[in-house]
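Have a look at the structure below, then the notes.
The values are calculated or read from the model by the stated rules, or taken from the named source; none is laboratory data. Bear in mind the structure is a predicted one, so any value in this text is a computation, not a measurement. Please note: Cβ atoms are built from the backbone with ideal geometry, for glycine as well, and neighbour counts cover all protein chains shown. Note: areas computed on protein heavy atoms with side chains; ligands, DNA, RNA excluded. Shrake-Rupley method; radii C 1.70, N 1.55, O 1.52, S 1.80 Å.
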Amino acid sequence: MSDYDVVILGGGSGGYACALRASQLGLSVALIEKDKVGGTCLHRGCIPTKALLHAAEVADSARESEQFGVIAELAGIDMNGVNSYKDGVVDKLYKGLQGLIKAAKVDYIEGTGKLVAPTTVEVDGRRVTGKNVVLATGSYSKTIPGLDVDGVKVIASEHALRLDRVPKSAVILGGGVIGVEFASAWHSFGTEVTIVEALPRLVAAEDADCSKQVERTFRKRGIKFKTGKPFESVKHTDAGVTVTIAGGETIEAELLLVAVGRGPVTQGIGYEEQGVAMDRGFVLTDERLRTNVAGVFAVGDIVPGMQLAHRGFAQGIFVAEEIGGLNPKPIDEAGIPRVTYCEPEVASVGLTEEKAKEQYGADKIKTYNYNLGGNGKSQILKTQGFVKLVGVVDGPVVGVHMVGSRVGELIGEAQLIYNWEAFPSDVAQLVHMHPTQNEALGEAHLALAGKPLHAHA
Amino acid sequence: MSDYDVVILGGGSGGYACALRASQLGLSVALIEKDKVGGTCLHRGCIPTKALLHAAEVADSARESEQFGVIAELAGIDMNGVNSYKDGVVDKLYKGLQGLIKAAKVDYIEGTGKLVAPTTVEVDGRRVTGKNVVLATGSYSKTIPGLDVDGVKVIASEHALRLDRVPKSAVILGGGVIGVEFASAWHSFGTEVTIVEALPRLVAAEDADCSKQVERTFRKRGIKFKTGKPFESVKHTDAGVTVTIAGGETIEAELLLVAVGRGPVTQGIGYEEQGVAMDRGFVLTDERLRTNVAGVFAVGDIVPGMQLAHRGFAQGIFVAEEIGGLNPKPIDEAGIPRVTYCEPEVASVGLTEEKAKEQYGADKIKTYNYNLGGNGKSQILKTQGFVKLVGVVDGPVVGVHMVGSRVGELIGEAQLIYNWEAFPSDVAQLVHMHPTQNEALGEAHLALAGKPLHAHA
Amino acid sequence: APVAPVAPVASGGPALAKPPVRKLAKDLGVDLHALVGTGPNGSITREDVTGAVAPV
Ligand SMILES: Cc1cc2nc3c(=O)[nH]c(=O)nc-3n(C[C@H](O)[C@H](O)[C@H](O)COP(=O)(O)OP(=O)(O)OC[C@H]3O[C@@H](n4cnc5c(N)ncnc54)[C@H](O)[C@@H]3O)c2cc1C
Ligand SMILES: Cc1cc2nc3c(=O)[nH]c(=O)nc-3n(C[C@H](O)[C@H](O)[C@H](O)COP(=O)(O)OP(=O)(O)OC[C@H]3O[C@@H](n4cnc5c(N)ncnc54)[C@H](O)[C@@H]3O)c2cc1C
């Protein structure tokens, strides 16, 4: 007999969203969490990093205030102050989330769970059985073979978020989202940063033009980076670390931050024993997020694909609706918006130019790159960058890629355009607010539709 | 015989957009401007005010930096610095615009034009005849009877933008868009501001909830305002002015800024003589922007309706396409996005709750108000406010109203939702980027669709 | 055998067309409810709408 309609293992973004939606649909729900509801995103991921990045923005703004006629001086960073600001934001959202879980009448079970039968999870000796089980155990900071993260001189993002000081210098291993975000924040705080990336470009998952623009601005800002340079080794020194990279070059720094990706938390908790099919530790699912074991679903970072909190939300909601019999539409992964919050921000949805050409054929794809130099609000912010559209000839917009201060907020509009398969002319016929940055999206669509306004054709 | 397909009188937002689009369509175009192309918006309106407001944001950010752990002190405002920043932005965009006009092969005629025949404009004795004439002479700062704007102690927005100092104190007459924007910027610079407004609320054109939130935040910020208090008189004093308002209360200040609206520039330039139908100085048109005189169109601030630059752009483009035979769709005025750039920003599109209930019946309208307290990114910015949706029961979203720092950029997404007549469920099925402010739009739609995520139902 | 057309309207919900397509239909004066959708799940596509105005 089942105790619950749904038993969810892991209370991060994917797990708790599933719990809330399932309970709304009248299902009985147990949510098992060993640490804190909210998971990586709330406690060690999205929220604290974005607080850090906002403090960095405040610091930059003070440093550059003279350009705007404002007389202010940046005297320094009080890292304790930054941390209590950051923790304050997390605490408030944590309280709110706990309130939602409580109001939803979800049975919240604290403890480490283990899958002991296809649809039974054992927590501290107690067996919790569901008609359905949702695996949502999330991810951890990976490292590379032979590189030992000691949490002191060689650290991961969770340690970086708890630092009680601004490091004088740091090497960041990995030029992906997490790496460039810390690089950007620390640089703003005064750290001398060097990013080491094995791939040929920063934010390599993004459209190549975005990488170029980020690199250009990082160079101007004084953030150093070595791309195409795999890490070789690290030696502890009195002052910190010496990092050796391909070619033999060495870099001295106070710290090494390892940001080489996140691995799935799926070992030693019964998944293999119960026959859940996995690949390199990730739980395999079909497009309806079913594993190979009947009644067992998986959501969030343990499912191969983009590791994003809102993908977890969407998957959690999807599974709850699936179990609730609503027959939801499968999620289009390319339609999930992506923002990297370094300065300049990078935001994208849909296909890169390269992928679109692969998929449709190069002659079927047209692109337009609207430079923010022509965008009044971006000039007011003194930021540089662009809005790039990837469109199918006589067809919809299939990719939007943006770089510049604050462009992350433009992704809301861009994602509607992509997901609703709008044609450039659908957007071009609407007038955008002047002066805004989203006006640049409007101008780009005007141009792609063949009727540029504040742009040369 | 006509010299041109289109002769445009006035090179502001409406006029130059018309010129650029007409030329794209292969029409021959003359653009007549007595001052500078770009008009009010570029030289005395949108752009310089938003530069001022950004400098204000930089000042606030420095003032409040400690809350974020950043040690900076706001020592003051260098108004010359602010002005040269502001002028720098204007100059750069002005050069860009001149380049576009040149590249478009528009005949740019400098001088004051007068309509001397239905489709003939005289400029410095030269007669320029078009198959069509577009009136685009824009607007000027109004005052009220008996209140004399001297440009020194009693000023209008164009003078306020040229001040070489931060006023110690100011009374602002008018709590509309321009009034609250100057109030907000000056307060951030250190001016003691009092807004005097005859209507019962600030930003009275917006949804009542928006006014309430702006008033709440203004009160917290220390911006004083007297609503429901018509202005009575002003006396010049040695120190500045004494303003008397209804009820006899007096307010002393260094300056009085008159921001009571903008009147159309339509007198003494031949419109009446040529029989163009007008109402209180505004040029009347049908929905295709035709005046009663054959071949004569009007666009921009001289046409009754919202006085916004991008409405001018849209109307200018419309008329060019109409003349070019493209038979464009008439513009839905309610679909034009509106942003007020005070702190907190106000952004809206579509109908207010009140108007929607009038139009559809109160029982056919449902609303949802998502508090930014539940929005992670807004918490990070330490801003308060909401996203309010006005929806038709079992129908589309017909109004979006937002208040909070930086919500102006969310209007891009909101305007697609309104103009494309999306249902709450259309938006709710798409996942928004976490953590962003546009996520609040997503949450509001989830809730209105009956499946709230980070919100109580 | 003739197949019963899929109803283009979800009960109480919007016509089964993406919002920009709905807008296009409105601009072109096409009544979505009179169309039989040829897209996934009987949804109305842009071609269904433009096809309804183009002279056959
Ligand atoms: C530094 C950093 C910054 C990031 N920034 C962003 C961002 O800005 N935007 C974004 O979208 N994403 C961001 N992410 C990614 C985001 O945090 C993850 O995609 C998201 O948290 C995944 O959700 P999840 O539910 O799959 O897993 P998690 O959030 O990792 O949650 C898993 C939960 O399961 C619990 N758990 C694990 N095993 C057990 C067990 N055996 N028993 C009981 N409980 C268990 C864990 O304690 C944890 O609470 C960031 C990540 C990091 C590290
Ligand atoms: C302080 C302020 C802030 C504003 N902020 C915003 C904002 O943020 N966003 C927004 O959308 N709108 C804003 N506006 C409104 C916006 O500026 C106007 O809506 C817009 O400029 C109207 O465009 P227009 O083409 O109708 O007229 P105008 O821009 O006024 O242009 C008319 C042009 O015609 C010329 N002209 C007039 N008579 C003659 C003649 N006889 N011969 C030759 N030339 C002539 C004038 O010199 C002028 O250049 C603001 C306005 C002000 C005053």
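Structure values in brief
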| quantity | calculated |
| --- | --- |
| Residues that are under 30 Å from A:Ala104 (Cβ atoms) and among the hydrophobic types (A, V, I, L, M, F, W, C), drawn from region A:317-348 | A:Ile317, A:Phe318, A:Val319, A:Ala320, A:Ile323, A:Leu326, A:Ile331, A:Ile336, A:Val339 |
| Within region A:394-450, considering residues that are more than 11 Å from chain B (Cβ to nearest Cβ) and β-branched (Val, Ile, Thr), the one nearest to B:Gly376 (Cα to Cα) | A:Val403 |
| Residue ID - surrounded by the most Cβ atoms within 10 Å (Cβ to Cβ), chosen from residues in region B:5-18 that are in contact with an Asp or Glu (Cβ under 9 Å, 6 or more places away or on another chain) and part of a helix (DSSP H, G or I) | B:Gly14 |
| Residue match in region B:297-304 (condition: over 21 Å from the mean Cα position of the chain (by Cα) and under 18 Å from B:Ala22 (Cβ atoms)) | yes |
| Qualifying positions in region B:423-457 - in a helix (DSSP H, G or I), in contact (Cβ under 8 Å) with a residue 24 or more places away in the chain and not hydroxyl-bearing (Ser, Thr, Tyr) | B:Pro424, B:Val427, B:Asn438, B:Glu439, B:Ala440, B:Leu441, B:Glu443, B:Ala444, B:His445, B:Ala447, B:Leu448 |
| Neighbours by Cβ (under 7 Å, 6+ apart or cross-chain): first from region A:252-277, on the phi < 0 side of the Ramachandran plot; second in a loop (DSSP other than H, G, I, E, B) and near ligand 1 (Cβ under 10 Å from one of its atoms) | A:Val258/A:Ala156; A:Arg262/A:Gln307; A:Val265/A:Thr137; A:Val265/A:Gly138; A:Thr266/A:Thr137; A:Ile269/A:Thr137 |
| Residue match in region A:43-65 (condition: at negative phi, more than 11 Å from every other protein chain (Cβ to nearest Cβ) and not small (Gly, Ala, Ser)) | yes |
| Every residue from region A:222-268 that is assigned to a loop (DSSP other than H, G, I, E, B), among the β-branched types (Val, Ile, Thr) and either over 13 Å from A:Leu147 (Cβ atoms) or within 16 Å of ligand 2 (Cβ to nearest atom) (or both) | A:Ile223, A:Thr227, A:Thr237, A:Val265, A:Thr266 |
| Any hit, region A:170-191, residues being in contact with a His (Cβ under 9 Å, 6 or more places away or on another chain), more than 16 Å from ligand 1 (Cβ to nearest atom) and more than 14 Å from chain B (Cβ to nearest Cβ) | no |
| Test: residue in region A:126-137 that is farther than 30 Å from A:Ser23 by Cβ and either out of contact with any Phe, Trp or Tyr (no Cβ under 6 Å at 6 or more places or on another chain) or not charged (D, E, K, R) (or both) | no |
| Selection count where residues are touching a residue at least 60 places away in the same chain (Cβ under 8 Å), small (Gly, Ala, Ser) and either open to solvent by 20 Å² or more (accessible area, probe 1.4 Å) or within 6 Å of ligand 2 (Cβ to nearest atom) (or both), scope region B:297-311 | 2 |
| Scan of region B:12-40 for residues that are away from every other protein chain (no Cβ under 14 Å), closer than 22 Å to B:Ala294 by Cα and within 11 Å of ligand 2 (Cβ to nearest atom), ordered by number | B:Leu31, B:Ile32 |
| Pick from region B:5-38, criterion over 21 Å from the mean Cα position of the chain (by Cα) and of a type in the set (Ser, Thr, Tyr), ranking: farthest from ligand 1 (Cβ to nearest atom) | B:Ser28 |
| Which listed residue, of B:Thr137, B:Thr129, B:Thr143, is outside any loop (DSSP other than H, G, I, E, B), more than 14 Å from every other protein chain (Cβ to nearest Cβ) and crowded, with 17+ Cβ neighbours inside 10 Å | B:Thr129 |
| Among (1) away from ligand 1 (no atom under 13 Å from the Cβ); (2) surrounded by fewer than 20 Cβ atoms within 10 Å (Cβ to Cβ); (3) outside any loop (DSSP other than H, G, I, E, B), the one test that A:Ser2 misses | (3) |
| Filtered residues of region B:312-339 (kept if away from ligand 2 (no atom under 15 Å from the Cβ) and either assigned to a helix (DSSP H, G or I) or touching a residue at least 12 places away in the same chain (Cβ under 8 Å) (or both)) | B:Glu321, B:Glu322, B:Ile323, B:Gly324, B:Leu326, B:Pro330, B:Asp332, B:Ala334 |
| Residue satisfying all of: in region B:375-394; among the aliphatic types (A, V, I, L, M) and not in a helix (DSSP H, G or I); surrounded by the most Cβ atoms within 10 Å (Cβ to Cβ) among these | B:Val387 |
| From the options A:Gly247, A:Gly350, residue that is away from ligand 1 (no atom under 14 Å from the Cβ), among the small types (Gly, Ala, Ser) and surrounded by fewer than 18 Cβ atoms within 10 Å (Cβ to Cβ) | A:Gly247 |
| Residue among A:Thr227, A:Thr285, A:Thr217 that is assigned by TED's automatic domain parsing to the domain that holds A:Gly10 and either surrounded by 21 or more Cβ atoms within 10 Å (Cβ to Cβ) or within 19 Å of A:Leu202 (Cα to Cα) (or both) | A:Thr285 |
| Condition met for B:Val171 (open to solvent by 40 Å² or more (accessible area, probe 1.4 Å), closer than 22 Å to B:Asp60 by Cα and in contact (Cβ under 8 Å) with a residue 12 or more places away in the chain) | no |
| Filter result for A:Gly281 (of a type outside the set (Ser, Thr, Tyr) and in contact with a helix residue (DSSP H, G or I) (Cβ under 7 Å, 6 or more places away or on another chain)) | no |
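Each row is one residue, and each column tells you yes or no for (1) open to solvent by less than 60 Å² (accessible area, probe 1.4 Å); (2) in contact (Cβ under 8 Å) with a residue 60 or more places away in the chain.
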site: A:Arg21; (1), (2): yes, yes
site: A:Asp35; (1), (2): no, no
site: A:Gly38; (1), (2): yes, no
site: A:Leu42; (1), (2): yes, no
site: A:Ile77; (1), (2): yes, yes
site: A:Gly96; (1), (2): yes, no
